[in-house]
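The values are calculated or read from the model by the stated rules, or taken from the named source; none is laboratory data. Since the model is a prediction, treat every value here as computed from it, not as a measurement. Counting neighbours? That spans all protein chains shown, and the Cβs are built from the backbone with ideal geometry, glycine included. Just the protein is used for accessible areas: all its heavy atoms, side chains included, with ligands, DNA and RNA removed. Shrake-Rupley method; radii C 1.70, N 1.55, O 1.52, S 1.80 Å.
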Amino acid sequence: MRQHYEHQPIVATDWPPRIGKDSYFGRLVLVEKKASCGTPAESDWYYTRGQVDKIVQLSGNKVINVEEVLNPTSCPLSLRVVIDGPPGIGKTTLCRKLLNMWSNGKLQQYDLVLYCPLRNSKIAKATRLADLFEFESSKVPKAVDWFWDRDGEGLLIIFDGWDELSEQLRQSSLAASIIYRKKLDQCSVIVTSRSYASSSLLKMDTLSKHVQVIGFSKEEISTVIIQTLQKDARLAQELINENTNARNEYKLHFTTTHNSKDSQLAVKLINDLKVRLDVQSLCYIPLVCSMVILVYCKEGGHLPTTLTQLYENFILQTIRRHVEIKPKHDIDPFTLGSLSSLPSQLARPLQEMCQLAYTNLANTTMTFSSHELQSLSEAVKEDYLGLMTTFIEYDEVKYQFLHLSIQEFLAAWWIAKHEEKTEEVFHLHFKDDHFRMCLRFVAGLTHFEHESYQQYFNASMHQLDLQCKKKLLFECDCCQFFQPSSFYQDPTSKQDNHIKSDDFIHVIILFIQVQLLYESQNTTLCQVLAQSINNQLCLINKVSLSLFDWLCLSYCIINSNTTWNYLHLEAVPNQSLSFFTAGLTNNSLQTQCKRLEVDLMDQPTNDLLHKFLQSSLIYNIEECSCVLRIGPYFPCHVYLLQFLKLPQLKILDLKLDCPTLPTVFVDGDATKCSELEECIAINTKLQKVKIIYRGLPSTIISNVIRGVTKNKTITSLTLHVNFPDDILLLPALANGVIEKLLRNNNTLQALSLGIPDELLPSSLNIIEVNTPLTALDIWSSELVASLLPHIKGLHCLIVQYEPCPPHLLFLSHPNLHTLALPLDTAESAIELFTILQTNTTLKALSVDIYQNVYTSSMGTSLQGMLTQNQSLKFLTISRPSMCRKTIFSSFLSFLTNGLKSNTSLQHLSVPLPLNEDVKTFIDCISQKNNLTEIETYFILYRSYSNSEKKRQELTSLFYEQVLPAVTKMLRSHTTIRLLRIECEGIFINLIEKVEFNDYWIELIQHLYKTIFIHPSLEYVEFQYNILLRGVLYSQKKALIDSHTEAQPHKPLPIVHISDTSISYDDEDSSNEELDYNSPS
């Protein structure tokens, strides 16, 4: 066997042509992954999208070489190594490399290495160890007995192709028994698999290593192209050096001074791939990279539009090569223009090959013996059109297609060109993992012209809700102008206390649809999809999108020929923005957007932002919410002007983030400042302006205020400032700008000023307010003291940090609907709660209560307010950030007693002590069907915070009493929509110290079952709890099934745990190119 492995080539075939100066294996990147918490790895998202460069940067990942794959671990057990990756990535090549190493004297710790391709039916169905030997020999029985007696010690078995086993054989076979240590537990095992099928292997308790073959890095693709096309090694190295910068990185744009056509072609292909990033994102796979280079050269330096065109062209080139080396056909290979127009002597064999491919793909068969091919015509068996390769198995010649993806394309050709009922076959296999790639090719071949395909792109038929899931926990209409940060949750805020759009399955299905649409190039179905999702689309930042995804998205949007009501694009890096914008260049005026929400995360240049905003899709937007990160060398006013010049813009919500003070524009340029001021002043469309900024020069702030002062249409202005530590180096706002705003503007109804005292002019003196304000949010103590006495009749008042006498507030503003203020004394709290006992106008109250305020008298007044007031709907009792201490225990009894008599509250958010009295409070909540939104913050007593023993006791209390009480509450409370539970200070530091027991897990399972069958619950959040997260992931399929059975017409509840959300898609998708299973 050593001799056989030694003479066996590492790269099995010479077609497609080998790429690079040597076999491509040496250029592949292997990443060893640390065990996760039982959730899908984030890197799966990157490498299935071609973003392999990001994988090595992820925490827990380590680049290794082939020699390290079998390095021993700290575990004394024999190795169980899982190696996964998409098709064509080099998994089998890696196996052959290991065999070659053993045959040449390396891997000396193993007496024998067995290579067992699981696509071989004999090996897949083997029942004895002897069946796993590829070659017959009289020595095999002795070797089998020897290893069997030693429980496999000294034996390494390489099972190649776990994904090619049937589900039954994955559960019950000799291979499975050995992998899971039920037999030969002392032998070492390597298992390779496509990514979609490896999830079950990764859950093994005794897994030693998880290695991903992640293919070529972005820079390596360029190197491979150069060394493949430029045969002269000296010129190739010169070309590499010519395009390498001082940091030893490739330049953004490749050039060459060579006269060599090979060098020029290589440079052109590399630059074309930078434009066609969808194709580049697939070139990390060696097989596809080879095909791209081949097709590019044969087609005179042009890239195909779709993957289907790429494979069709490659297969045509393969048949041309077959004809060229088989001259008996008497066919000029250069007359073969397409697969659809082949002469009969080639068309018939191709048809037979396609039928063979489809029939066996349906039976999950990928290898064939000679007798299985007997039915094929002699013309086919002559050379199988160059599309098959052979190998020896048990001294028998076996056949297989060049690659599984080739078989999948040929199967798609059979479905599209020769099946009488193509649409029915498509429907039959639509949910079949093995057919995911094949059906993508069917899309490209049929263009989805038949009307029956519309059903797959009607989101309502899939119960897709692609609208943004971010909702305000306070859904009160009292403050319609702005949502100040600590009370009404800002819709663009990234805080965890609002519902996030983390229902991954909807976006997963969407992008399966979008990619099929792009492959089909069917513009009509783009319109069907857009209309079915009500022209609203939310792309969440937890779903990592490849550049190919952005290409597909832009294709669908520009061909929708509709007005999009809402587009939400989170976390868009510059490269994706550039690619998306380029895809919009051919957009017709029929495709526009009314409302845009976008996070531009990579400091886009002014030119890139200009191209994006000037695209016809975006140019006429009416509402824009944008997070824009800018560098210190970018003039802030220029970015502001870009947005303000949009002709139809009515609402601007802009968050500018400059980590350091701008060096280009600190004191301002008079001309540009005047332009900014004038642009705001003369704008007749703007109604609401919200600018939250970090690092914005005070000169620009002054000019924004001046512009709003003169404007005649703006009714709401929000300006929030967050400066770095060197704020004292900045000049204050210009004298008189705030006073003039309040005196001269006669349209402003809502004003939110988050300007620190340090930036206010020393001459601040407000003596006249003519602005018709009804909503006010102020952070500065100076502004509170100077402004409040001059304003009457507010409906909404938010005071962030400066306490105010409650009786004066209600005297000046008797019709307040919304109030948020800090309470720093028990007397002020008692005064407020006493007033509210008889108040009938206030609907929403948020109070920050300082620690010293929690007294019995305050508790009594709170209880009285809750008992007497039957008009308050929203109540938040929070604690200031500087007072995250304890609250006094008897407060809970006052709160509980007050709630018993209250019938008006809909939302309650309160801090609670973690003790046994909490059960009484939760029991009270279970009877209050008026309460539909509940937030609780369990807080440790200060004396317990450093006591590990007490923290252990409180952790047990939380699991064994609090969670069962919550479960009981949910079973009786049939109207609750939102539930959020935070247990601060317990789980963060005890993740590794607390021993979780089976009883806790059982209680959590009961809780989750109740959540998923609940008739009204929409969103649940638990903070800082790894056990809750693990149980949720392990039970998610059963929970989804229980939900489907109990609430078939209700959307799945969103369950959010700390900063990690769980998606509801089924087990890992089989689409290796585009695996949309989200990381949890």
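Anisotropy class assigned to the stretch 217-303 is oblate, per the alpha carbon gyration tensor with a/c at or over the 1.5 cut-off and a/b no larger than b/c. If you plug the beta carbon distance of residue 74 and residue 868 into 1/(1 + (r/R0)^6) with R0 = 51 Å, you get a FRET efficiency near 0.20. Inter-label distance, residue 417 to residue 971: 6.3 nm, where each label sits 7 Å from its Cα along the C-beta direction.
Estimated at the nearest 10 Å², the accessible area of residue 1013 is 60 Å² with a 1.4 Å probe. Each peptide among 382-390, 117-125 gets the average number of other Cβ atoms lying within 10 Å of its residues, and from highest to lowest they stand as 117-125, 382-390.
Annotation note: trypsin sites (Lys or Arg not before Pro) in the stretch 184-233 located in DSSP loop regions with a Cβ neighbour count of at most 13 within 10 Å are 203, 231. Of the whole protein surface, residue 595 contributes about 90 Å² of accessible area at a 1.4 Å probe radius. Spacing of the modelled spin labels on residue 186 and residue 125, each 7 Å from Cα toward Cβ, amounts to 3.3 nm. Per residue, the Cα convex hull of the stretch 259-317 amounts to 74 Å³.
Comparing 207, 107, 93 along the charge dipole axis of the stretch 65-214, the residue lying farthest to the positive side is 93, per the Cβ-charge model. Each of 424, 597 has its accessible area taken with a 1.4 Å probe; listed largest first, they run 424, 597. FRET efficiency for the residue 767 to residue 815 pair, using the beta carbon distance and R₀ = 25 Å, is estimated at 0.55. Taking θ as phi - 60° and the Karplus parameters 6.51, -1.76 and 1.60, the scalar couplings of the stretch 235-242 work out to 5, 4, 5, 4, 5, 5, 5, 4 Hz in sequence order, x denoting glycine and proline. Remark: the residue 145-residue 608 segment gains 159.7 nm on full extension, using 0.36 nm per residue and subtracting the alpha carbon distance.
The share of C-alpha pairs in the stretch 305-446 whose separation exceeds 21 Å stands at 42 percent. Relative to the 2.2 N^0.38 Å rule of thumb, the stretch 342-423 has a C-alpha radius of gyration ratio of 1.07. You can think of it this way: the chain between residue 383 and residue 344 has 12.4 nm of extra reach, that is 0.36 nm per residue less the Cα-Cα gap.
Measuring against 21 Å, Cα to Cα, the residue pairs 655/688; 650/690; 182/431; 740/792; 645/712 contain 182/431 as the ones spanning a longer distance.
In sequence order, the stretch 430-445 has phi-based couplings of 4, 9, 8, 3, 5, 9, 4, 5, 4, 5, 5, 5, 4, 4, x, 8 Hz under the Karplus curve 6.51 cos²θ - 1.76 cosθ + 1.60, θ = phi - 60°, and Gly or Pro positions carry x. Taking label positions 7 Å along the Cα-Cβ direction at both residue 370 and residue 927, the computed distance is 8.6 nm, reported to one decimal. Net length available on complete extension from residue 259 to residue 790 is 183.3 nm, with 0.36 nm assigned per residue and the Cα-Cα distance removed. Using the Cβ-Cβ distance between residue 62 and residue 249 with R0 set to 25 Å, the FRET efficiency from 1/(1 + (r/R0)^6) comes to roughly 0.70.
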